[in-house]
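A.B. asks: I am attaching a structure below and will ask some questions about it afterwards.
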Amino acid sequence: MTRTLKLHVNCQKVVKLHQEHPKNIRTEYDRLHETLFQELVTSTTLVEKRDMKTHQTFLSSDRLYTCTTCHTHLARHEDLISKAFQGRLGRAYLFNKVTNVSLGPKEDRLLMTGVHSVKDIRCDVCSNVVGWKYVFAFEKSQKYKENKYIVEKAMISKENQWDEP
Ligand SMILES: [Zn+2]
């Protein structure tokens, strides 16, 4: 039973009890009313949390990279480190920082430059995997990538018609 349905059924129960209103079920009525109240508080909190989750950050920059699918702001040109990276879908960009993404579980992945611990990053709005975050690099020469983000070129668009630098 879904939470909403359960809530609805509880509502009906309270209404029914209220209509019948015999004094001997007064305690039961109070108990159910209390449960219903708790349910309402919980479901309201859940809704608030969900709203917070889908609340987007809007970046302020003249030059932005957005999600190709849903146009959510993902990164600023100022945070771009390099365009010479290889993703799973072809060319990829390395960024210092990305916004409006959620991290997936940590996994060790063998990439062209050795084994790295990475977490996939998903667009918060459309849930598409747009790249990954480097969590740990096993090779000393690759340490500079740690805590930086790969974004697949195929998954992003330029927000404005700005020229290539
Ligand atoms: Zn998206």
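A.B. asks: Just one of THR68, THR45 is closer than 15 Å to ILE121 by Cβ, of a type outside the set (Gly, Ala, Ser) and either within 14 Å of the ligand (Cβ to nearest atom) or at pLDDT below 80 (or both); which is it?
C.D. replies: The match here is THR68.
A.B. asks: So, of the residues in the stretch 132-162 that are in contact (Cβ under 8 Å) with a residue 24 or more places away in the chain and of a type in the set (D, E, K, R), which turns out to be farthest from TYR93 (Cα to Cα)?
C.D. replies: Across the stretch 132-162, the extreme among qualifying residues is GLU139.
A.B. asks: What number goes with the only condition from (1) buried (at least 16 other Cβ atoms within 10 Å of the Cβ); (2) modelled with pLDDT under 95 that GLU139 does not pass?
C.D. replies: All conditions are met except number (1).
A.B. asks: Given the stretch 71-112, what strands (runs of 3 or more DSSP E) lie entirely inside it while holding 3 or more residues that are within 16 Å of the ligand (Cβ to nearest atom) and over 18 Å from ALA154 (Cβ atoms)?
C.D. replies: In the stretch 71-112, the matching strands (runs of 3 or more DSSP E) lie at 101-111.
A.B. asks: Which numbered condition trips up LYS133, out of (1) touching a strand residue (DSSP E or B) at 6+ places or on another chain (Cβ under 7 Å); (2) surrounded by fewer than 20 Cβ atoms within 10 Å (Cβ to Cβ); (3) charged (D, E, K, R)?
C.D. replies: With (1) touching a strand residue (DSSP E or B) at 6+ places or on another chain (Cβ under 7 Å); (2) surrounded by fewer than 20 Cβ atoms within 10 Å (Cβ to Cβ); (3) charged (D, E, K, R) applied to LYS133, the lone miss is (2).
A.B. asks: Does ASP62 meet the test of being surrounded by fewer than 14 Cβ atoms within 10 Å (Cβ to Cβ) and modelled with pLDDT of 60 or more?
C.D. replies: Against the criterion (surrounded by fewer than 14 Cβ atoms within 10 Å (Cβ to Cβ) and modelled with pLDDT of 60 or more), ASP62 qualifies.
The values are calculated or read from the model by the stated rules, or taken from the named source; none is laboratory data. In this text, all values refer to a predicted model and were calculated from it rather than measured experimentally. Cβ atoms come from the backbone with ideal geometry, glycine included; neighbour counts cover every protein chain shown.
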